[in-house]
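Chemist: What follows is a single structure, and I will ask about it in a moment.
What follows draws every value from the coordinates through simple rules; no lab data is involved. Model, not experiment: these values are computed from the prediction. Note that we place each Cβ from the backbone using ideal geometry, even for glycine, and neighbour counts take in every protein chain shown.
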Amino acid sequence: MGQVIPKYRDLWRFRAPLTSGEIRRTERWLATARVSLTIATLITLWMEPGRGVVYSFWLYWLLTVYLAHSVVVMLLVRFRNQSTRAFRLVVHGADILWPVLISLFTTSERGPFFLFFVFVMAAAAYRWGLWETVGTAVIAVVLLWAEGLAVNAGLESTVNGWLHAIHLPRFVFGVQRIDPQQLFMSSVYLMVLGLLLGYMSENEKKLRAERVVITRVLSSARVEAGLTATMQEILGEVLGLYGARRVLSASQEANSYRVFLADVHRTTEGTPLLRWRDALPDTEATYLFDSPADAVYAWRNGKQIESVLLDRGGHRLRDADPVFLETLMRIEPFQAVGSVAFGFGQEWVGRVFIFDPQRIGDPEEELRFLQEFAQQVGPAIYNVYLMRRLRERAGAVERARFARELHDGAIQSLIAVEMQLDVVRRQSGQQPVVTSELSRIQKLLREEVLKLRELMQEMKSFEVDAERLPGFVADTVERFRRETGISAEFISEIEKVELPQKVCRELARIVQESLVNVRKHSGARHVLVRLAQRLGNVQLTVEDDGKGFPFSGRLSENELEISGKGPAVIRERVRLLAGELTIESNPGHGARVEVRIPPARKITNG
């Protein structure tokens, strides 16, 4: 058996129940309308007593009783603190029975009492929704047919005989016999009216519920919570909204190589938990598939996959090829899945996947809601992202200021102290113990100056683009040679670097980190940094003739990760770039760090 799409036609209404204040407000308006309608009917009968209505003592008496009932209901809903469901059902039952009863005195469905049928169905639509309104119309039709059968069977003579026995006025009906054709047309009027009013009410309640959901989700997009917490809150709302097994967000930054996966599922305690992970290179296109379908709902039907696809305008796509769904199902097995594309400005694009939703209505309507949801919530998440970047830049500016103060203050003072120690050491040539100790202290000071300068370089915020990268690396290598005394050389075999700015910045950081490791750990006398192009990839190589790493041979990035060998910081930076890292080590004879970056890619929104 294939996956059956569950149909919850009242789904949105149950997700956004009316508050007690909204219920009281609705009942007040209905009570006022009920009183006004009854008074208007009495005035109409007084002005034109014979038009479409048979005069009867019982008619005026029933209208007076209903008016009193309406006034009592109006007073109750105005002065009671709450309106219970039982109270509303009793009042609604009286409203259904009333127009059926007084229709005995009218000769046409176009008489002055037919408006009471309209009122009772409008009341059902205001109070509840489509199916309650249709149910009200069905009950009214059943009562009308029962009344028609009773009238045709001689109800009037039976009632009048009973009234005569207790000395009360006769009950004068408007008709002696009800025409089935006329009754059928009245029934059709009521059913059509019930359907229309209920449909309009259901749509209004659905739109209201959608606004409530989106407003609730938007309230969770708080700058102070951070991007991860905000994503967890929002995707957790989607998880609970549809009763899904899990929700997955796949996103990619413009001109970036990594596809981030935010995987949200429920813990054993029932709370949503977000876990970040990276998409494997061969699966990235599966999550961010290239298709005109902006929103997708698919389900398994035996061995087949059936789907509903919508474009960005919310129109159904009939001819689109959903072949990407088969690939997705192999990577992320599902019985049913809903997906919608999103974009955060021009910097992030992605898709949200809702796996195995249990609460879903009509697929097209749900997909259109998801599109609206993404359009409304996306800018809020983007604002959190921008604020995070703003704070990062503010922090970078502050770190740069601190680095300048460090350079102009502590470093200069340490250099001055080191120079004075060198003078004292030279003057104490006759005292070997003092000279040795001063040399040791001088070496420590020089080491601390180098560490502070490296710290300054890490703290500085620099912008390196493709044009500036070779020059920046050359300056870094030259500064390393000058400050450490280690012979260092940079060779660039690329005439024009074509990489995004973020990638260039990370490559520059890798060069800095590699040179720091050479100074601290290798004991090398010579370093060679090379930037080249190999098989379409940009290749960065750092070689030295030092001690090497504590292993022999050539290890790939996966092997380094499993064994825990190699510099962790460089491994992480290469992973950020979706590049390849290889380290070749020959203990006692040197090491070679090789980073390969694939050519730049561009992504489009949707």
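Chemist: Based on Cα positions only, what radius of gyration and what Dmax would you give for the stretch 462-606, in angstroms?
Modeler: 15.0, 53
Chemist: Same structure, new question: So between Leu227 and His521, what do we pick up on full extension, going 0.36 nm a residue minus the alpha carbon distance?
Modeler: Values: separation 294, 0.36 × 294 = 105.84 nm, distance 3.74 nm.
Extending this stretch completely gives an extra 102.1 nm.
Chemist: Right, next: For Leu101 and Met200, what does the FRET efficiency come to when R0 = 22 Å and r is the distance between their Cβ atoms, rounded to the nearest 0.05?
Modeler: On the way: r = 28 Å, r/R0 = 1.26.
That pair, Leu101 with Met200, gives E of 0.20.
Chemist: Between Ser436 and Ile166, what is the spin-label point distance in nm, taking each point 7 Å from the Cα along the Cα→C-beta axis?
Modeler: Reported label-point gap for Ser436 and Ile166 is 12.8 nm.
Chemist: Once you place label points 7 Å from the Cα toward the Cβ at Asp282 and Glu561, how far apart are they in nm?
Modeler: Calculated label separation equals 1.4 nm.
Chemist: Report the full-extension gain for the segment Arg216 to His315: residue separation times 0.36 nm, less the Cα-Cα distance, to one decimal in nm.
Modeler: Values: separation 99, 0.36 × 99 = 35.64 nm, distance 2.73 nm.
Contour length minus the Cα-Cα distance gives 32.9 nm.
Chemist: For an R0 of 30 angstrom, estimate the FRET efficiency from the Cβ-Cβ distance between Arg479 and Arg275 and round to the nearest 0.05. Intermediate values should be presented prior to the final figure.
Modeler: Values: r = 41 Å, r/R0 = 1.37.
E(calc), rounded to 0.05, equals 0.15.
Chemist: Sorting Arg359, Arg505 on the 10 Å Cβ count, fewest up front, what's the list? Don't skip to the answer; put the middle values down first.
Modeler: On the way: Arg359 15, Arg505 19.
Ordered by Cβ neighbours within 10 Å, fewest first: Arg359, Arg505.
Chemist: What number do you get for the stretch 481-553 when its Cα radius of gyration is normalised by 2.2 N^0.38 Å, N = residues? Walk me through the numbers before you get to the answer.
Modeler: Details: Rg = 13.4 Å, N = 73, 2.2 N^0.38 = 11.2 Å.
Here the Cα radius of gyration is 1.19 times the empirical estimate.
Chemist: Shifting gears a bit: For the stretch 240-337, which GluC sites (Glu not before Pro) pass both filters: DSSP loop (anything but H, G, I, E, B) and at most 16 other C-beta atoms within 10 Å? Show your work: numbers first, answer last.
Modeler: Details: sites: Glu253, Glu269, Glu284, Glu306, Glu326; in loops: Glu269.
Of the GluC sites (Glu not before Pro), the ones in loops of the stretch 240-337 whose Cβ has at most 16 other Cβ atoms within 10 Å are Glu269.
Chemist: For the modelled label position 7 Å from the Cα of Glu365 along Cα-to-Cβ, which residues of the stretch 210-244 have backbone nitrogen atoms closer than 12 Å?
Modeler: Counting backbone N atoms under 12 Å from the label point, the list is 210.
Chemist: With each label point set 7 Å from Cα along the Cα-Cβ vector, what nm distance links Arg85 and Asn301?
Modeler: Placing both labels 7 Å beyond Cα along the Cβ direction yields 3.7 nm.
Chemist: Assuming R0 = 60 Å, what is the FRET efficiency of Leu37 and Gln335, from their Cβ-Cβ distance, to the nearest 0.05?
Modeler: For Leu37 and Gln335, the calculated efficiency is 0.70.
Chemist: Report the full-extension gain for the segment Lys496 to Ala532: residue separation times 0.36 nm, less the Cα-Cα distance, to one decimal in nm. Display every interim value, and only then the final one.
Modeler: Working: separation 36, 0.36 × 36 = 12.96 nm, distance 1.03 nm.
Between Lys496 and Ala532, full extension yields 11.9 nm more.
Chemist: Give me D for the stretch 226-390 in µm² s⁻¹, whole number, from Stokes-Einstein with Rh from the Kirkwood sum over alpha-carbon pairs, 37 °C and 0.692 mPa s.
Modeler: On the way: Rh = 16.1 Å.
The Stokes-Einstein estimate is 203 µm²/s.
Chemist: Could you work out the per residue convex hull volume over the alpha carbons of the stretch 549-590, in cubic angstrom?
Modeler: In the stretch 549-590, the Cα convex hull volume per residue is 62 Å³.
Chemist: Using all C-alpha to C-alpha distances in the stretch 174-323, build P(r) with 10 Å bins and read off the rounded percent in each one.
Modeler: Histogram of Cα-Cα distances, whole percents per bin: 9, 21, 30, 18, 9, 7, 4, 2, 0.
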